[in-house]
Amino acid sequence: MDAADPLQFFRERFHIPQRQHQPLSYFCGNSLGLQPKAAQIAINQELTTWQNLGVEGWFEGENPWLGYHRHCQNALAHITGAQPQEVCPMNQLTVNLHLMLTSFYRPTARRYKILTVASDFPSDQYALETHLRTRGYDPADALIEVKPQAGNFTVSTADLLAVIDTHADSLALVCMSGLHYYTGQLFDMSAIAQATHRAGAWVGFDLAHAVGNAPLQLHDWGVDFAVWCSYKYLNSGPGGVSGVFVHQKHHSSDLPRLAGWWGYDEARRFEMTKGFVPMEGAAGWQLSTPNILALAAHRASLAIFEEATMPLLRQKSELLTGFLEALIQRINEESNDLKITQMTPTNPAERGAQLSLLVHQNGKMVFEALTQAGIIGDWREPNCIRLAPAPLYNTFEEVYRVYEVLRPMGL
Ligand SMILES: Cc1ncc(COP(=O)(O)O)c(C=O)c1O
C-alpha cells in the first residue's frame, strides 16, 4: 500500500519527530499536526523582510504584509469548499466563534434558542454559555443540548434533525462541531444545514477537527458561518492562526459585528477616518493587525494541500483509517485479554482520520506500551485512546505497527 500510495512523497516534506534517532509513528495530527519543512523557510523569509525593511515590509518586499491573508484564501477555499472571498485566516478559534455569534445569533422574543451537541469541545460550550449570558439569556433555558441515545456514543443525524424540527419555532441558531473531537464522528453538515434553514434558523460549524481532514462543501451546503483552527490537520504550528467562513449570501447584509481596523476597507484603511466600512466578504470580520509569522507558516502548509489536493488526501485517509480499524478488529478477535471498543462510527462517510478507542482493561498501560514503542496517540480519561493517521505524513506500515505492539498484549 505504501509503494502504491500516490501521496507517499509528501512525508518527506515534514519533520518527523524522533526518539534515539528513530522516527516516531505520529498519530496525533488531530491535536497538533507536524511541522512542514517549508514553515521555517517561510517564517525566515518574513523575518528577513522585517530585518531589511522594518515597517516598509507592510507595503514592500516580495510579499507585502498588508494583503498577506490573500495568500491563504485560495487554498482555504479549496479545502473548505468555499469561494475565496468567503474565507479568511484571522485571530484564534474561540475568538472567532464569539465574533460569529455576535453576527449570527440574532435572537427575537420568540426565536432565541441555540442548539448544540452535548459534550462538544469545552471551549465551545464555554463560548455558548457565556455568549448567551452577555445577551441576557439563561443557558439553562436558551441552550438545547442534544445527547446520544442511551447505549450510544454518538448522536445520530436523524435524532439531530428531529430535535431541530421539534424546536423549529424557538430556534435562532444551530452551532456545533462538524467533526466531534472526542468520538471522531463526522456529522452530515449538509442535512443539518437544510433542516436548520427549513426551521427558519441559521447554522454555524466549528471545523477544528474537520478542516484539512474531511470533505467540505460549505458554500453549496449553504452553511452560514464556520470557524476552525489551523494547528491540527492543517499543520500550521502551535496556536496557529484560525480561519472563518462567512457565506456569500451574508456579504452584503448589514449584520451587526464587532469590528476592528483590519476589517476596514483596505484601500482606505490608512485614511484613519471615522465610521466603519468593512472589506468585502469574510475579510471584513478581521479585527487586528495579523501575526505575519503565523500566517507565513500557515501559507507554507496550505501550499502542500494545494499540491496534494483534498480528494486524494481523503482517498488515502479512508484507506489508512480503514486499515487501522480492520487491525483493531483483528486484535479483538485474536486476543483473550485485550478488548477494544471503537467509539468512532464504522461508516467511513461518518468519520475523518481519527479512531477513538475504548480499552476496557488496563487502558493506561496499553497507551504507555504504545508510547514506549514510539507510537504517539493521545489519551483521554478514563480509558480512551485516540489515534489519527494523517494522510500527508503517515504510512500503512506505521499503522501496522500498532497491531504489532498491541497483539502480544492480548494473548
Ligand atoms: C473542536 C475544538 N473547538 C475549539 C477549540 C479551541 O480552540 P482555540 O484554543 O484555538 O480557541 C479546540 C482546540 O483544540 C477544538 O478542538
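The values are calculated or read from the model by the stated rules, or taken from the named source; none is laboratory data. Bear in mind the structure is a predicted one, so any value in this text is a computation, not a measurement. With ideal geometry, Cβ positions are generated from the backbone for all residues, glycine too; neighbour counts draw on all protein chains shown.
A few comments on the model shown:
- The lone exception for S230 - which of (1) within 16 Å of the ligand (Cβ to nearest atom); (2) farther than 28 Å from I43 by Cα it fails: (2)
- For the stretch 127-137, the set of residues classified as part of a helix (DSSP H, G or I) and either of a type in the set (A, V, I, L, M, F, W, C) or without any contact (Cβ under 8 Å) to a residue 24 or more places away in the chain (or both) consists of A127, L128, E129, T130, L132, R133, T134, listed by residue number.
- Consider the stretch 114-130 and keep the residues that are surrounded by 19 or more Cβ atoms within 10 Å (Cβ to Cβ) and under 24 Å from D169 (Cβ atoms). The one that is nearest to the ligand (Cβ to nearest atom) is D120.
- Only one of the listed residues (E307, E398) is of a type in the set (D, E), modelled with pLDDT of 95 or more and crowded, with 16+ Cβ neighbours inside 10 Å. That residue is E398.
- Inter-residue pairs, beta-carbon under 7 Å, first under 9 Å from T196 (Cβ atoms) and in the stretch 163-176, second crowded, with 19+ Cβ neighbours inside 10 Å and aromatic (F, W, Y), 6+ apart: L173/F104; L173/Y105; L173/W202
- Residue list for the stretch 217-249, filter: surrounded by fewer than 17 Cβ atoms within 10 Å (Cβ to Cβ) and outside any loop (DSSP other than H, G, I, E, B): D220, Q248, K249
- Residues in the stretch 150-208 that are hydroxyl-bearing (S, T, Y), away from the ligand (no atom under 14 Å from the Cβ) and under 17 Å from V223 (Cα atoms): T157, S190, T196.
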